[in-house]
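Input: a single structure, listed below in structure tokens.
Every number in this text was worked out from the coordinates using simple rules, so none of it is lab data. These figures come from a predicted structure and were not determined experimentally. Cβ: placed from backbone, ideal geometry, glycine included. Neighbour counts: every protein chain shown.
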Amino acid sequence: MASTSSPPPSLFIFNGENYHIRVVKMKIYLQAYDLWEVVNTDVELTPVMPRNKRAKRYKAMSCIQNEFSDVIFTRIMACETLKKAWDKLNEEFQGSDKTRQQLINLRRDFENLKMKEVEIVKQYADKIMLVVNNIRLLREEFADSKVVEKVITTLPEISYKQLGHMEKVCRNKGRTPQQHVQAQEVE
């Protein structure tokens, strides 16, 4: 159940770095206080608007404005609606060259990942998922079949023994792990 009480002030101020993470946290923060639908609606404040709706808008605007450093706040302070402020921030930080470069670097990191002889499959899979989740945070589609293919094709010979369960599942379906990956790509 969402609370309609006043949200506590944010402990962190966004300064322009790691927007893809900050936006997820901010959205959850607003949802926790039942304010997200206010941000997602492009309606200006009017004197005839019911008092509780006006109060929600002011709370949501306060949450958003207090999350940002003064330099970033000046970019959204003239926005007439919460949605316009939110969209302006998304446009500026998710569409930036810095974000595109982060995505390029993460894709390269994914392609270059290889399992070390001393790692167990779980550790290697965790490394892969860390990179994949960072790519997805940047709102980039990333198929699960690519992850499975990466795990299967980059494991050292000794690690195939650790994939017994996956091989059993694949055999029960009458295919090899590589065929399983190919079938996932088709779906």
Subject >> Cα centroid separation - the stretch 10-38 against the stretch 102-131, whole Å >> reply: 28 Å
Original post:
Which order, highest average first, do 33-42, 117-126, 66-75 follow once you tally other Cβ atoms within 10 Å for each residue and take the mean per peptide?
Top reply: 33-42, 66-75, 117-126
Original post:
What are the ³J(HN,Hα) values, in whole Hz, obtained from phi via the Karplus relation 6.51 cos²θ - 1.76 cosθ + 1.60 with θ = phi - 60°, for each residue of the stretch 144-153 in sequence order, with x given for Gly and Pro?
Top reply: 4, 5, 5, 5, 4, 4, 4, 4, 5, 7
Original post:
Got a sec to turn the phi values of the stretch 111-122 into Karplus ³J(HN,Hα) couplings, 6.51 cos²θ - 1.76 cosθ + 1.60 with θ = phi - 60°, whole Hz, x for Gly and Pro?
Top reply: 5, 8, 5, 9, 7, 7, 4, 8, 7, 9, 4, 4
Subject >> Stokes-Einstein diffusion coefficient of the stretch 19-94, Kirkwood radius over Cα pairs, 4 °C, 1.567 mPa s, in µm²/s >> reply: 102 µm²/s
Original post:
Once Lys and Arg get +1 and Asp and Glu get -1 on their Cβ, which of Val38, Val24, Thr74 lies farthest toward the positive end of the dipole of the stretch 19-94?
Top reply: Val38
